[in-house]
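Participant: Sharing a structure here in structure tokens format.
Computed from the coordinates by the stated procedures, all read-outs in this text should not be read as laboratory data. These numbers were taken from a predicted model, which means no experiment stands behind them. Here the Cβ is made from the backbone with ideal geometry for all residues, glycine too, and neighbour counts use every protein chain on show.
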Amino acid sequence: MKSITEKFGKTPHQPSLWTRADALKVRADDPTTTQPLVSADFPVLSDKVFIWDTMPLRDIDGNITSVDGWSVIFTLTADRHPTDPQYLDQNGNYDITRDWNDRHGRAKMYYWFSRTGKDWKLGGRVMAEGVSPTVREWAGTPILLNKQGEVDLYYTAVTPGATIVKVRGRVVTTEHGVSLVGFEKVKPLFEADGKMYQTEAQNAFWGFRDPWPFRDPKDGKLYMLFEGNVAGERGSHTVGKAEIGDVPPGYEDVGNSRFQTACVGIAVARDEDGDDWEMLPPLLTAVGVNDQTERPHFVFQDGKYYLFTISHTFTYADGVTGPDGVYGFVADSLFGPYVPLNGSGLVLGNPSSQPFQTYSHCVMPNGLVTSFIDSVPTGESGTTMRIGGTEAPTVGIKIKGQQTFVVAEYDYGYIPPMLDVTLK
Ligand code: FRU
């Protein structure tokens, strides 16, 4: 299997590489890139459902948008089963950890609304049962299209397969709340091609998901980011000089890191409606470094492209590691080259004392970072965990050149609008 440079050498752009040398600079618990401790006495949004990935309604330029003064968020959601015999342990107690860990298999898209950018009220499911073509409704992005309230929800239809899809509906407001209507016809857009992006046939653990459409502020064209893995049979990738980077003596051994092949994918729309897409080579690859670069998204600031993506400790390759959290890269133009923020890429990681406290961070253009609570240690020993399935406190970061700094903490699930659209 060819190295990244050989593989994509003749294409219009070269993917930027997150190298093993970059990742060696990751420092857990640096206060400027660590999320404040989440207390175990957090409130939960709902005792009926778990929520995790949160997708604020926004416009195609990335601005978080309220409608008629109502903020709207979409969440991956699954029922909690406190009385279901399937989730009771031998003593008849609810095994919430097992219920939580099983959630991905029954993920559905729900929406919530609020007047205050927090204290979210449950709106319900976005699509009725049977509308989405697969079992799982995985992450994506809701885009407010116009003043008529039309919304394109891009998301991932998973099991069987993994297809980037979209469904169009409408947001309707009254003085009492928000409802979503329509969302009845799901349109498949594209799947991994096996040439640039790995397919399920090439690797049963492949990732192909999390669409994030946007308009390039410089060229005005419609593009979409997504999570992928670099194409090729599992185990066939090369971790060569370029992927290793400039490491100190003694750090040349890459172990089994050829199994970690994450990338940030990009596609360009052939039409203005975003119904017809062409996949392009990845913007960024992490071969030999990490196996997942999830929910990639941009903040456009100071004429630069700030690319953010979430990743886990458990998906790092042999010999490199870092906390669960959000990582970032910056470039002067859309197709790079991208440089890791803070030298390493780490922007906001969990503290090592609470490694699973939050995940699925989304950096908004106002510097606010939303995420969900996964699990927080409780009690003196810290061996018992309280499962979250709810919104984490929002964190404020400052983005300055090639650096970022944690500067503030806000309320749970605080996602204020950046602009309000009055519907016609
Ligand atoms: C991130 C994520 C997404 C995926 C979803 C599945 O938390 O893994 O990449 O769409 O969760 O539940």
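Participant: Of all trypsin sites (Lys or Arg not before Pro) in the range 237-286, which ones are in loop regions per DSSP and have a Cβ with at most 16 other Cβ atoms within 10 Å?
Facilitator: Listed in order of number, the matching sites are Arg270.
Participant: Suppose every K and R has +1 on its Cβ and every D and E has -1 on its Cβ; what is the size of the dipole of the chain about the Cα centre, in Debye to the nearest 20?
Facilitator: It works out to roughly 540 debye.
Participant: Where in the chain is the longest stretch that carries no GluC sites (Glu not before Pro) classed as loop by DSSP and with at most 10 other Cβ atoms within 10 Å?
Facilitator: 1-128
Participant: As a quick test, which of the pairs Lys166/Lys241; Lys121/Lys218; Lys2/Lys218; Lys166/Lys424 have an alpha carbon distance above 30 angstrom in this structure?
Facilitator: Lys166/Lys241; Lys121/Lys218; Lys2/Lys218
Participant: Next question. Can you compute the FRET efficiency between Lys241 and Lys218 using 1/(1 + (r/R0)^6), with r the Cβ-Cβ distance and R0 = 41 Å? Round to the nearest 0.05.
Facilitator: 0.80
Participant: What is the dipole size for the range 23-142, taken about its Cα centre, with +1 at each Lys and Arg Cβ and -1 at each Asp and Glu Cβ, in debye to the nearest 20?
Facilitator: Taking the Cα centre of the range 23-142 as origin, the dipole is about 200 debye.
Participant: A further question on this structure: If the label point is 7 Å along Cα→Cβ of Lys25, which residues in the range 353-396 have backbone nitrogen under 14 Å from it?
Facilitator: Nothing falls inside the zone, counting backbone N under 14 Å.
Participant: At a Förster distance of 22 Å, what's the computed FRET efficiency of Ala128 paired with Asp84, Cβ-Cβ distance as r, to 0.05?
Facilitator: For R0 = 22 Å, the calculated efficiency reads 0.45.
Participant: Then there's this: Using the scaling law 2.2 N^0.38 Å as the reference, what is the normalised Cα Rg of the chain?
Facilitator: Against the empirical 2.2 N^0.38 Å value, I get 0.94 for the chain.
Participant: Taking 0.36 nm per intervening residue step and subtracting the Cα-Cα distance, what contour gain separates Ala408 from Ala201 on full extension?
Facilitator: 70.1 nm
Participant: What aspartates and glutamates could a cross-link reach from Lys185, if we take a straight Cα to Cα line under 17 Å and drop same-chain neighbours fewer than 8 places away?
Facilitator: List returned: Glu129, Glu137, Glu150, Asp152, Asp273, Asp275, Asp276.
Participant: Quickly estimate the mean residue ellipticity at 222 nm for the chain, helices only: each DSSP H run with n ≥ 4 gives -39500 (n - 2.57), and the total goes over all residues, rounded to 500.
Facilitator: Result for the chain, helices only: -1000 deg cm²/dmol.
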